[in-house]
Structures are given as structure tokens and as C-alpha cells.
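Working notes, structure below.
The values are calculated or read from the model by the stated rules, or taken from the named source; none is laboratory data. What you see is a predicted model, and the numbers here were worked out from it, not measured in a lab. All Cβ positions, glycine included, derive from the backbone under ideal geometry; neighbour counts span all protein chains shown. Surface areas here come from the heavy atoms of the whole protein model, side chains and all, with no ligands, DNA or RNA. Shrake-Rupley method; radii C 1.70, N 1.55, O 1.52, S 1.80 Å.
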Amino acid sequence: EPEVTQTPSHQVTQMGQEVILRCVPISNHLYFYWYRQILGQKVEFLVSFYNNEISEKSEIFDDQFSVERPDGSNFTLKIRSTKLEDSAMYFCASSEVTSGRAPGELFFGEGSRLTVL
Amino acid sequence: LAKTTQPISMDSYEGQEVNITCSHNNIATNDYITWYQQFPSQGPRFIIQGYKTKVTNEVASLFIPADRKSSTLSLPRVSLSDTAVYYCLVFDTGRRALTFGSGTRLQVQP
């Protein structure tokens with residue numbers, strides 16, 4: 001079955017540095033998402049993206065964050081000037097918009113673990 | 001945004017049926033009830049989704065009463081590998097958004 005792939009699996013960075021997390025959604029999917037999960041806590045919604053623009057974003061997704069779909073396959077999350085509290089697992093997800101799937105069926109990647117020192 | 005409430009944890013034994021009930025009192029007309037499973041250090045995985053009555057797939061059943069203010073995920077004959085966190089979510093088809101709660105940590109013992 002097709003899957004969402006994320007790179008890197010783990011990134012360690014210094015506070016204040018910029019980080020780009022990459023995702024390759026499933027090819028025929030149209031909705032893309034970023035979620036994060038701080039260790040031991042719940043999965044938090046960051047942003048959704050459709051038709052080359054942000055559909056929805058949470059309070060967490062402030063000016064420090066940005067998303068981009070630079071080509072037909074990649075979906076990236078950029079975190080500018082990372083902070084210690086940005087340490088978390090970041091999950092990318094995608095979904096399609098056809099009647100063949102349940103509308104709430106999101107396909108999640110395995111995550112990118114970000115550690116900010 | 002409909003909020004969900006579910007037990008923090010549950011214990012079971014291999015071979016038993018597990019039922020996890022979730023309440024979502026302020027569910028809206030456009031919302032679907034959706035359940036996900038998450039293993040440690042992995043992304044959440046879709047289990048099942050329903051709007052009303054009963055839905056069954058190869059891994060679970062979902063029971064939704066007529067008022068849709070609650071739902072019950074039923075896992076038949078659980079095994080050790082079903083030990084995971086199970087999330088009850090309401091999918092807003094207008095916003096196309098999922099909001100995760102704290103989930104139910106299911107521990108299956110031999």
C-alpha cells in the first residue's frame with residue numbers, strides 16, 4: 001500500500017537554527033497536514049494545506065513556521081529560529097478526496113524526531 | 001469544535017473483546033466519528049469511521065447510537081499487538097480537520 005514518507009527520521013539542531021522537515025505524501029492525495037507530538041503528550045494539529053495554500057492552522061503555527069509544496073511531490077515544514085520547546089515528533093499526513101475513502105482517513109508518515117539543544 | 005471524552009486507560013487479556021466508549025456531546029451535523037490507533041514512536045493509523053448506526057471492517061466495529069453523542073469502538077479478540085493508544089476523534093468535514101485528544105491507552109496482557 002502507498003505510504004507517506006518523511007525525512008529526516010531524526011534531526012538534532014541548535015537553538016536558533018532553521019530546520020526543514022520533508023514529506024512525500026501519497027501521490028494522488030490532495031490534502032496535506034502537519035501534526036506534532038511532544039514526548040508523552042497528545043498529537044497536536046499544526047496546519048492543513050490544500051490547493052497550494054493553507055486551509056487551516058492552529059495557534060501553535062505562528063510566524064516561526066511555514067509550509068511549502070515546492071514541486072509536485074514534496075511537502076515541507078520549515079521552522080525558523082528553533083526553540084527548545086520545538087523538540088517533538090513531527091508527523092506529516094495526507095488524504096484524498098474521493099468517495100472511495102472515509103473522509104477522515106488520513107495517512108500518517110512515521111514522523112521526524114526533532115531535538116533542539 | 002466537538003470535544004471527545006474517553007477513558008484514559010484500559011486493561012484486557014488476549015482473546016477478549018474490548019469496547020472503548022467515547023462521548024462527543026456537541027457533535028455537529030457535518031462531523032464523522034473517527035478512531036485511530038497509535039503505537040509508540042509511530043504515526044497514528046486510521047482504524048474506522050462512521051456517521052451513524054454500525055460500521056464494521058476487518059479490524060473493528062463502531063457502534064453509534066441515533067443521537068450520535070457517543071460511540072463505541074469494539075475490538076474482537078485482542079492480541080498483545082493491539083496494545084496501543086486509541087483515539088476517538090470527530091472529523092469536521094467542513095474544515096477537513098482532525099483534533100486529537102488524550103486517547104485511551106489499551107494494555108493487553110497474556
Original post:
Anyone know which of B:TYR13, B:TYR87, B:TYR51 comes out most mobile in the 10 Å Cα GNM of chain B?
Top reply: B:TYR13
**OP:** Just tell me how shielded B:66-79 is by partners: mean number of partner chain Cβ atoms within 10 Å of each residue's Cβ, no decimals.
**Re:** 0
Original post:
Which residues, if any, in region A:103-117 have at least 10 Å² less accessible area in the whole protein complex than in the isolated chain, probe 1.4 Å?
Top reply: A:PRO103, A:GLY104, A:GLU105, A:LEU106, A:PHE108, A:GLU110, A:ARG113
Original post:
Got a sec to turn the phi values of region A:10-26 into Karplus ³J(HN,Hα) couplings, 6.51 cos²θ - 1.76 cosθ + 1.60 with θ = phi - 60°, whole Hz, x for Gly and Pro?
Top reply: 8, 9, 10, 9, 8, 3, x, 7, 8, 10, 10, 9, 10, 9, 10, x, 5
**OP:** Tally the DSSP beta bridges in chain A and give the antiparallel ones as a percent, rounded to 5.
**Re:** 90 percent
Original post:
Which residues' amide hydrogens lie under 5 Å from the amide hydrogen of B:MET10, considering only partners 5 or more residues apart or on another chain, with H built in the peptide plane?
Top reply: B:ARG105, B:LEU106, B:GLN107
Subject >> Hits among lysines - C-alpha to C-alpha of A:LYS83 under 27 Å, sequence gap 8 or more where chains match >> reply: A:LYS42, A:LYS57
Subject >> From phi via Karplus (6.51, -1.76, 1.60), per-residue ³J(HN,Hα) for region B:24-36 in Hz, x at Gly/Pro >> reply: 8, 5, 9, 5, 9, 4, 7, 8, 10, 8, 9, 10, 10
Original post:
Can you list residues whose amide H is under 5 Å from B:PHE100's amide H, if they're 5+ apart or on another chain and H is modeled 1.01 Å from N?
Top reply: A:PHE45
**OP:** With springs connecting C-alpha atoms under 10 Å apart, model chain A as a Gaussian network and identify which of A:TYR50, A:TYR31, A:TYR90 has the largest mean-square fluctuation.
**Re:** A:TYR50
Original post:
What distance in nm separates the simple spin-label points at A:GLN64 and B:ASN25, each placed 7 Å from Cα in the Cβ direction?
Top reply: 3.5 nm
**OP:** First check a/c for chain A, with a ≥ b ≥ c the square roots of the eigenvalues of its C-alpha gyration tensor; if it is under 1.5, answer rounded, and if not, answer prolate when a/b is larger than b/c or oblate otherwise.
**Re:** prolate
Subject >> In Å², nearest 10: area of A:SER73 left accessible to a 1.4 Å probe >> reply: 50 Å²
Original post:
Once you put a point 7 Å from the Cα of A:GLU56 and another 7 Å from the Cα of A:LEU84, both along the Cβ direction, what distance in nm separates them?
Top reply: 3.3 nm
Original post:
How about region B:62-109: which trypsin sites (Lys or Arg not before Pro) there lie in a loop by DSSP and see at most 11 other Cβ atoms within 10 Å?
Top reply: B:ARG77
Original post:
trypsin sites (Lys or Arg not before Pro), restricted to region A:83-114: which are DSSP loop and have at most 11 other Cβ atoms within 10 Å?
Top reply: A:LYS83
**OP:** Output the direction-averaged projected area (hull surface divided by four) of the convex hull of the alpha-carbon atoms of region A:1-45, in nm².
**Re:** 4.6 nm²
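Eigenvalues of the Cα gyration tensor times 5, then square-rooted: what semi-axes does that give for region B:9-109, in whole angstrom, largest first?
23, 15, 11
Calculate, for A:HIS10 and B:TYR13, the FRET efficiency according to 1/(1 + (r/R0)^6) with r their C-beta to C-beta distance and R0 45 Å; round to the nearest 0.05.
0.80
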Subject >> Cut-off 16 Å (backbone N to label point 7 Å along Cα→Cβ of A:VAL24), residues of region A:1-16 >> reply: A:1-9
Original post:
Which of the lysines could a cross-linker bridge to B:LYS52, judged by Cα under 16 Å and excluding same-chain residues fewer than eight apart?
Top reply: B:LYS69
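I'd like the interface area for chains A and B: accessible area of each alone minus the complex, both sides summed, 1.4 Å probe, protein heavy atoms only. What is it in Å² to the nearest 100?
Looking at A and B, the buried total is near 1700 Å².
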Original post:
Looking only at Cα atoms, what is the convex hull volume of the protein assembly as shown per residue, in Å³?
Top reply: 123 Å³
Original post:
So what J values fall out for region B:94-110 if you push phi through Karplus, 6.51 cos²θ - 1.76 cosθ + 1.60 with θ = phi - 60°, rounded to Hz, Gly and Pro as x?
Top reply: x, 7, 6, 10, 10, 10, 7, x, 7, x, 10, 8, 9, 10, 9, 10, x
**OP:** May I ask you to give the solvent-accessible area per residue for region A:1-88, in square angstrom, as obtained with a 1.4 angstrom probe?
**Re:** 56 Å²
Subject >> Under 19 Å from the B:GLN109 label point (7 Å along Cα→beta-carbon), backbone N, region B:1-40 >> reply: B:8-20
Original post:
Ordering A:THR82, B:THR83 from largest to smallest accessible area (1.4 angstrom probe), what's the sequence?
Top reply: B:THR83, A:THR82
